[in-house]
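Here's the structure we're looking at; comments come further down.
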Amino acid sequence: KQEVTQIPAALSVPEGENLVLNCSFTDSAIYNLQWFRQDPGKGLTSLLLIQSSQREQTSGRLNASLDKSSGRSTLYIAASQPGDSATYLCAAQRGNAGNNRKLIWGLGTSLAVNP
Amino acid sequence: KAGVTQTPRYLIKTRGQQVTLSCSPISGHRSVSWYQQTPGQGLQFLFEYFSETQRNKGNFPGRFSGRQFSNSRSEMNVSTLELGDSALYLCASSLVGVEVNEQFFGPGTRLTVL
């Protein structure tokens with residue numbers, strides 16, 4: 001059974017710092033891993049999706065890596081800004097058919113970037 | 001291209017009542033998944049619909065049900081509401097039959113059960 005863990009649960013950093021958010025999963029047989037951002041009381045915004053055949057994806061100041069053998073994914077945020085303050089969630093998908101399509105979620109990392 | 005829309009955005013109900021939530025997927029997306037988000041449990045998968053059929057189901061009681069219409073819009077129904085059903089209900093749409101199964105989420109419906 002796939003379990004997803006995110007550490008730390010909360011993080012507070014000064015503006016301008018580079019930071020890393022961690023996501024661990026127990027079953028290395030994943031199809032893809034997706035990182036999302038959630039602002040308070042809002043829905044989810046997809047940030048990056050890494051397929052099992054890929055090792056990383058980049059979008060602007062964000063870089064996500066995937067290491068299936070160690071069961072880890074990291075989200076790197078460069079030069080953090082107050083607007084990056086949000087909860088970051090990772091979700092693993094086991095496959096692309098049947099019940100494997102459902103996303104298994106971590107509980108998220110709540111990030112506060114202080115001006 | 002319009003995103004995923006959910007209505008209503010907020011609902012207040014009392015125990016024992018029933019509620020229906022609606023989700024309109026991105027145009028062209030035929031799969032709609034529903035998730036419940038609570039502070040203690042995080043996001044939990046409820047079910048997925050495509051082609052008007054429930055394809056996958058999570059571990060929720062039968063009080064939670066859904067359906068999908070021919071235009072891919074989906075509704076979720078919760079009967080005999082309990083206090084523990086208070087949550088943010090999110091729906092996501094995605095394409096079917098493509099290699100990259102990226103899910104796109106709506107803003108959610110905040111349900112409060114009193």
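No other residue among B:Gly84, B:Gly16, B:Gly40, B:Gly28 is closer than 21 Å to A:Pro40 by Cα, assigned to a loop (DSSP other than H, G, I, E, B) and among the small types (Gly, Ala, Ser) apart from B:Gly40. Checked against (1) assigned to a strand (DSSP E or B); (2) in contact (Cβ under 8 Å) with a residue 40 or more places away in the chain; (3) at the interface with another protein chain (Cβ under 8 Å from one of its Cβ atoms), B:Thr112 passes all but a single condition, namely (3). Taking each residue of segment B:36-50 that is within 8 Å of chain A (Cβ to nearest Cβ) and within 22 Å of B:Ser24 (Cα to Cα) and looking for partners that are small (Gly, Ala, Ser) and part of a strand (DSSP E or B) with beta-carbon atoms closer than 8 Å, six or more apart or interchain, yields B:Leu43/A:Ala91; B:Phe45/B:Ser33; B:Glu48/B:Ser31; B:Glu48/B:Ser33. Here is the figure for segment A:17-55: residues that are β-branched (Val, Ile, Thr), crowded, with 17+ Cβ neighbours inside 10 Å and modelled with pLDDT of 90 or more total 1.
Across segment A:103-115, what is the number of residues that are open to solvent by less than 50 Å² (accessible area, probe 1.4 Å) and not in a strand (DSSP E or B)? So the count comes out to 2. Within segment A:59-72, is even one residue in contact (Cβ under 8 Å) with a residue 12 or more places away in the chain and at the interface with chain B (Cβ under 9 Å from one of its Cβ atoms)? Within segment A:59-72, none of the residues are in contact (Cβ under 8 Å) with a residue 12 or more places away in the chain and at the interface with chain B (Cβ under 9 Å from one of its Cβ atoms). Selection of segment B:86-108 for residues being more than 17 Å from B:Gln41 (Cβ to Cβ) and either open to solvent by less than 40 Å² (accessible area, probe 1.4 Å) or touching a Leu at 6+ places or on another chain (Cβ under 8 Å) (or both) yields B:Cys91, B:Ala92, B:Ser93, B:Ser94, B:Val100, B:Asn101, B:Glu102, B:Gln103, B:Phe105, B:Gly106, B:Pro107.
Test of understanding: among B:Leu46, B:Leu83, which residue is among the hydrophobic types (A, V, I, L, M, F, W, C), within 28 Å of A:Thr5 (Cα to Cα) and open to solvent by 60 Å² or more (accessible area, probe 1.4 Å)?
On inspection, the qualifying residue turns out to be B:Leu83.
Residue pairs whose Cβ atoms lie under 6 Å apart, sitting 6 or more positions apart in sequence or on different chains, and linking a residue in segment A:88-102 that is within 14 Å of A:Leu49 (Cβ to Cβ) to a partner that is among the aromatic types (Phe, Trp, Tyr) and open to solvent by 40 Å² or more (accessible area, probe 1.4 Å), are A:Gln93/A:Tyr31; A:Asn96/A:Tyr31.
Just so you know, in segment A:73-102 the residues that are surrounded by fewer than 15 Cβ atoms within 10 Å (Cβ to Cβ) and not in a loop (DSSP other than H, G, I, E, B) include one that is farthest from the other protein chains (Cβ to nearest Cβ), and it is A:Pro82. Restricting attention to segment B:1-13, the residues that are assigned to a loop (DSSP other than H, G, I, E, B), among the aliphatic types (A, V, I, L, M) and open to solvent by 20 Å² or more (accessible area, probe 1.4 Å) total 1. Only residues that are of a type in the set (Gly, Ala, Ser) and either closer than 18 Å to B:Gln103 by Cβ or part of a strand (DSSP E or B) (or both) were counted across segment A:29-70, and they come to 6.
On the given criteria, is A:Thr5 farther than 19 Å from B:Ser94 by Cα, within 12 Å of chain B (Cβ to nearest Cβ), surrounded by fewer than 17 Cβ atoms within 10 Å (Cβ to Cβ) and out of contact with any helix residue (DSSP H, G or I) (no Cβ under 6 Å at 6 or more places or on another chain)?
yes
Annotation: of all residues in segment B:51-75 being farther than 30 Å from A:Ala10 by Cβ and within 11 Å of chain A (Cβ to nearest Cβ), the one that is least open to solvent (accessible area, probe 1.4 Å) is B:Asn56.
The values are calculated or read from the model by the stated rules, or taken from the named source; none is laboratory data. Source: prediction; values computed, not measured. Note that each Cβ is placed from the backbone with ideal geometry, even for glycine, and that neighbours are counted across all protein chains shown. Ligands, DNA and RNA are excluded from the accessible area calculation, which covers all protein heavy atoms including side chains. Shrake-Rupley method; radii C 1.70, N 1.55, O 1.52, S 1.80 Å.
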